[in-house]
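The values are calculated or read from the model by the stated rules, or taken from the named source; none is laboratory data. Remember, predicted model here, so these are calculated numbers, not experimental data. For neighbour counting, all protein chains shown are included, and Cβ atoms are generated from backbone atoms with ideal geometry for every residue, glycine included. Ligands, DNA and RNA are stripped out before the accessible areas are found, and what is left, the full protein with its side chains, is counted by its heavy atoms. Shrake-Rupley method; radii C 1.70, N 1.55, O 1.52, S 1.80 Å.
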Amino acid sequence: MRIGIDLGGTKIEGVALAADGRELARKRIATPKSSYRETIKAIEALVAQLEADTGERGTVGIGMPGAISPATGRVKNANSTWLNEMPFDVDIEAALGREVRLANDADCFALSEATDGAGAGAPTVFGVILGTGVGGGLVIHGRLLNGPNAIAGEWGHNPLPWALPDELPGPRCYCGKEGCIESWNSGPAFEAEYELNEKEKLTTHEIVAAAQAGSRPARVALRRYSDRLARALSHVINLIDPHVIVLGGGMSNIEAIYDEVPARWGSYVFSDRVDTKLLRNKHGDASGVRGAAWLWPDETP
Ligand SMILES: [Zn+2]
């Protein structure tokens, strides 16, 4: 049995998967705010509960914000800031009494969709989160790509490619730079630009509905969004040429992008044709926790 834990800023979700990926049990609890010790204890209790429910001992994989720095062995880049600088892998292994595998939450999304989701069977899968942030992960022949900086797939803080004159220098990003892909293609960025241009505050859902009802400003906003995403993904295609790109996060629910983006990336990708598939995720919000479980592909610890 595989146990997957998705450690989020507001909730911790746990799932127990059978060997064939069937869900045996699932639990969700609130994340203890600002307390590292309580977070460790909460995960320990969640694993114990899942094992009590199933009557089996499982392997444990954890999806987390940020990553364990290979250089220091401590957490970096986590927006749940009380994790930063802590030796989370060592402490959670001690608490659970077993080896634990950890990965960034966008990596877990990519692994889930590559294993038995929208990208199942594809040799290479680039998984993209388009949510409050923009992140990604790369799965090659069923395994996550891991590098010395633990940032593979993190292209959200690359600059938007082929920027138009009116896109320069671009919005300031929290990372300190301007014009990052995340500062154009995240959900909050999309809504902020619409409000700036139209002097009207709408949610993404409302903008999409307005476009469907024929609103010209809403259609223009969506067209711009699709073109920027096409440019951003064309860089990825030029670099790693994945067979499948799977989208997740709130913005992945916009139906139009699955036609609009492939219709546009042909003019950016360095190829006479582009056969890359752009797909919507299969497991939705469950991909984070399922991918964490699949960090043990062979199930034997
Ligand atoms: Zn940035």
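Full extension from GLU93 to ALA71: what is 0.36 nm times the residue separation minus their Cα-Cα distance, to one decimal in nm?
Stretched fully, the GLU93-ALA71 segment lengthens by 6.0 nm.
For the chain, what does the relative contact order come out to in percent, with C-alpha contacts under 8 Å and a separation of six or more? Please list the in-between numbers first.
Numbers: 610 pairs, mean separation 64.3, N = 301.
Computed value for the chain: 21 percent relative contact order.
Just the C-alpha atoms of segment 80-169: what Rg/Rh do they give, with Rh taken as the Kirkwood radius?
Rg/Rh: 1.07.
Which percent of Cα pairs goes in each bin when the distances of segment 153-301 are cut into 10 angstrom slices starting at zero?
Over segment 153-301, the share of Cα pairs per 10 Å bin runs 10, 36, 36, 14, 3, 1 percent.
How much of the accessible area of the chain, probe 1.4 Å, is carbon plus sulfur, in whole percent?
In the chain, the share of accessible area belonging to carbon and sulfur is 51 percent.
Using each residue's phi in segment 28-44, evaluate 6.51 cos²θ - 1.76 cosθ + 1.60 at θ = phi - 60° and report the 3J(HN,Hα) Karplus result to the nearest Hz, with x for Gly and Pro.
Computed from phi, the couplings for segment 28-44 are 9, 9, 6, 6, x, 6, 6, 10, 5, 4, 5, 5, 4, 5, 5, 5, 4 Hz.
Take SER267, project a point 7 Å from its Cα along the Cβ direction, then tell me which residues of segment 177-194 have their backbone nitrogen under 11 Å from it.
Counting backbone N atoms under 11 Å from the label point, the list is empty.
Let's test the formula: R0 of 35 Å, r as the Cβ-Cβ distance of LEU239 and LYS27. What FRET efficiency results, to the nearest 0.05?
Details: r = 39 Å, r/R0 = 1.11.
Efficiency at R0 = 35 Å is approximately 0.35.
Can you tell me what percent of all Cα-Cα pairs in the chain are more than 24 Å apart?
The calculated P(r) of the chain puts 53 percent of pairs beyond 24 Å.
Can you work out D for segment 1-130 in µm² s⁻¹ from Stokes-Einstein, where Rh is the Kirkwood radius over C-alpha pairs, the temperature is 10 °C and the viscosity is 1.306 mPa s?
Working: Rh = 15.2 Å.
Diffusion coefficient, whole number: 105 µm²/s.
I'd like the accessible area for TRP265: 1.4 Å probe, protein heavy atoms, all chains in place, Å² to the nearest 10.
Result for TRP265: roughly 0 Å² accessible.
Translational diffusion coefficient, Stokes-Einstein: compute it for segment 144-217 using the Kirkwood radius over C-alpha pairs as Rh, at 37 °C and 0.692 mPa s, and state it as an integer in µm² s⁻¹.
232
Per residue, how large is the accessible surface of segment 186-253? Use a 1.4 angstrom probe and give square angstrom. If you can, show how the numbers build up before the last one.
Working: 3250 Å² over 68 residues.
Each residue of segment 186-253 exposes 48 Å² on average to a 1.4 Å probe.
Over the Cα atoms of segment 213-301, Rg to Rh with Kirkwood Rh, two decimal places?
We get a ratio of 1.07 for segment 213-301.
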